[in-house]
Amino acid sequence: MDLYDAIKGRRDIRSYFKPDPIPDEVLAKILLAAHLAPSVGYSQPWNFIIIRDENIKRKVKEEVERQRLRYRELLDEGRRKLFDTIKIEGIMEAPINIAVTCDPSRFGPHVLGRITMPETCNYSTVLAIENLWLAARAENLGMGWVSFLDKNKIKEILGIPSNVEFIAYLTLGYVTKFPERPELEEKGWNYRLPLLEVVFEDRWGNKPNEKLLEKLNSAKI
């Protein structure tokens, strides 16, 4: 699959997982793609915990449900009704779940380039997740990012050491379809901002020059 096609067709999948197993060679291939991500100071701070155990999945799902109800109570009535139509995870449906962590102690305390911005350790791990996501899409695998979680609770469930950061809980599997548009857009929860609204030039708030504005307005992949 062309890179731009993978970017354009990538979706946060929750509703369309099939139970079909993922071949080990495919799983290994997309994990290698994640491992080839850039990282600050070549620190490679990530680890990937592959979760197939139904009991572990169920414990995570119970935590997600607690957090879903907590969030629901924050919404007004109209937003709550819309939220109730949105599926927020596919933990039990996806054949594989993957927890992604960041180890800030890897290669010692003075990683090149991280002294002024220690948060780049976490950012590097997120780059690995994006690689994983795009590689999964190229292999016709759907992936979802589950964020209704108390990260300390997940660390406890998965036995993650206290000095290691929990970054993401992902669901992975073959799907019945990839939606044409992101699910939250289809449901009317939110919409994609025009590219013109998120690009500045030289300083915050400065609009790009007219020539670039024209290209931004007509850009397609």
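Measuring how big the chain is from its alpha-carbon positions, Rg and Dmax come out at 19.2, 57 Å.
Over the residues of the chain, the helix contribution to mean residue ellipticity at 222 nm works out to -11500 deg cm²/dmol, using -39500 (n - 2.57) for each DSSP H run of at least 4. Cross-link partners for Lys220 among the lysines, with Cα-Cα distance under 18 Å and sequence neighbours closer than 8 places in the same chain left out: Lys8, Lys211. The candidates Met143, Met117, Met1, Met92, arranged from most to least accessible area with a 1.4 Å probe in the full protein assembly, appear as Met1, Met117, Met92, Met143.
Remark: relative contact order (the chain) = 33 percent; criterion is Cα-Cα distance under 8 angstrom and separation of 6 or more residues.
In the elastic network of the chain, a GNM with C-alpha springs shorter than 10 Å, the most mobile of Ser43, Ser162, Ser15 is Ser162. Size descriptors for the stretch 1-102: radius of gyration and Dmax over Cα atoms are 17.0, 48 Å.
Applying a threshold of 18 Å to the alpha-carbon distances of Lys61/Lys155; Lys61/Lys87; Lys153/Lys187 flags Lys153/Lys187 as lying beyond it.
For a quick protection proxy, order the peptides 206-213, 183-190 by their average other-Cβ count within 10 Å, most packed first.
Per-residue mean Cβ counts within 10 Å order the peptides as 183-190, 206-213.
The values are calculated or read from the model by the stated rules, or taken from the named source; none is laboratory data. Being a predicted model, the structure only gives us computed values, none of them experimental. Neighbour counts are summed over all protein chains in view; Cβ atoms, including those assigned to glycine, are modelled from backbone coordinates with ideal geometry. Note: accessible area is taken over every heavy atom of the protein model, side chains too, but ligands, DNA and RNA are not part of it. Shrake-Rupley method; radii C 1.70, N 1.55, O 1.52, S 1.80 Å.
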